[in-house]
Amino acid sequence: MIDLPAVPLETRQTNPMTVYLARLAPSSQLTMRYVLQDAADRLGFAEMNVEDIPWHALQPEDVVALVAALREDNYAPNTSSLYVNAIRGVMNEAWRMSLISQDHLLKMRSVKGIAGTRLSQGRNLKRTLIHELMEVCAADPRPQGLRDAAVIALLYGTGMRKSESVDLDLNQVDFRERSLTVTGKGNKQLIKYAPTWAFDKLNKWLEFRREQLKEGESDDAFLFNRIRRGSHITRERITKHAIYYIARQRGTQVGVKIMPHDFRRSFITRVIEEHDLSIAQKLAHHSNIQTTANYDVRDDNERRRAVDRFDL
């Protein structure tokens, strides 16, 4: 274990890790807390509460050792960068709290994650597959059929993230303009547009949900409800885990393994195919166009066809 000083009570109460996590969105807090916990375990603090670790006492060589351990365990470069960025975020807060000097902060920032990239594991969901997903949902007589069709339609038709779809409220939807105002990464308010067929699926679900209300009951403020066994539509908002389950379950029904983010990947890939990269960047709301380019998951056959056109 790295030899670190004892942690005064006042430092525990204003731990830079706690301040760093508080700045993040709730979904990101869970991810980064897990990352920091794992990083702490790898640095020799498995027996300590993560809130009690004096993060400000970490040195650049500690982070270098962490990156080396991640490389030895065959972690992908992006994952390694996530660990380094998490620690960097904590150290930024430590500097703001005057727990470390600017020189110490700059040295910590100089440590990089594992260099390199990995091929995308995402899947490009073709239109024929989306039609099949709509068909299996339509064949489901339960309320889940209508709800799942609407969820998939919005994910694929707008390219929104699963967290954005979960947080959607009725007052964020403009049915005339076919637009949805969502809160994206970085607490940014964004406008997503959806095709007519996607709004048709959404309207069918909402109409069915309203038909189930008892006299005098008002409609729910959110778009998608949790549905329990027995087809009972609760008055509770759907969760991100449920979105994951919908993608996996409906994918299994058509013989394909689908992750929720595949809908976003496929949306961006299709816009790149049918329009261009710059339009895809605007619709995906990426600040860096390279991020948009990384979402291009066209398959090998399409790349081969592109190369085969270069005849002598």
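What to note about this one:
- Matching residues, region 1-44, being at pLDDT 85 or above and small (Gly, Ala, Ser): Ala22, Ala39, Ala40, Gly44
- Conditions (1) hydrophobic (A, V, I, L, M, F, W, C); (2) free of Cβ contacts under 8 Å to residues at least 40 places away in the same chain; (3) farther than 30 Å from Tyr75 by Cβ; number of the one not met by Trp95: (3)
- Yes/no for Glu47 being over 13 Å from Gly113 (Cβ atoms), surrounded by fewer than 19 Cβ atoms within 10 Å (Cβ to Cβ) and either in contact with a helix residue (DSSP H, G or I) (Cβ under 9 Å, 6 or more places away or on another chain) or at pLDDT 90 or above (or both): no
- Restricting the search to helices (runs of 4 or more DSSP H) fully inside region 180-280 and requiring at least 1 residues that are farther than 16 Å from Thr158 by Cα and out of contact with any His (no Cβ under 6 Å at 6 or more places or on another chain) gives 196-211, 240-253.
- Pair list, Cβ under 8 Å, 6 or more apart: region 198-215 residue of a type in the set (Phe, Trp, Tyr), other residue surrounded by fewer than 19 Cβ atoms within 10 Å (Cβ to Cβ): Phe199/Phe175; Phe199/Arg178; Phe208/Pro143
- In the condition set (1) buried (at least 16 other Cβ atoms within 10 Å of the Cβ); (2) free of Cβ contacts under 8 Å to residues at least 60 places away in the same chain, Ser163 is compliant with all but (2).
So that you can scan it fast, the table gives a plain yes or no per residue for (1) at pLDDT 95 or above; (2) touching a Leu at 6+ places or on another chain (Cβ under 8 Å); (3) of a type in the set (A, V, I, L, M, F, W, C):
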{"position": "Gln144", "(1), (2), (3)": "yes, no, no"}
{"position": "Ala150", "(1), (2), (3)": "yes, yes, yes"}
{"position": "Arg161", "(1), (2), (3)": "no, no, no"}
{"position": "Asp167", "(1), (2), (3)": "no, no, no"}
{"position": "Lys188", "(1), (2), (3)": "no, no, no"}
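Here's the yes/no breakdown for (1) closer than 21 Å to Ser179 by Cα; (2) hydroxyl-bearing (Ser, Thr, Tyr):
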| site | (1), (2) |
| --- | --- |
| Tyr193 | yes, yes |
| Asp219 | yes, no |
| Ile227 | no, no |
| Arg248 | no, no |
| Pro260 | yes, no |
| Ile268 | yes, no |
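Residues checked against (1) surrounded by 14 or more Cβ atoms within 10 Å (Cβ to Cβ); (2) in contact with a Leu (Cβ under 8 Å, 6 or more places away or on another chain); (3) modelled with pLDDT of 90 or more:
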| residue | (1), (2), (3) |
| --- | --- |
| Ala221 | no, yes, yes |
| Asp262 | yes, yes, yes |
| Ala280 | yes, no, yes |
| Gln290 | no, no, no |
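- Filtered residue count, region 216-257, keeping only those that are of a type outside the set (D, E, K, R) and over 18 Å from Val166 (Cα atoms): 11
The values are calculated or read from the model by the stated rules, or taken from the named source; none is laboratory data. What you are looking at is a predicted structure, and each value in this text was computed from that prediction instead of being measured. So basically every Cβ, Gly included, is an ideal-geometry build from the backbone, and we count neighbours across all protein chains shown.
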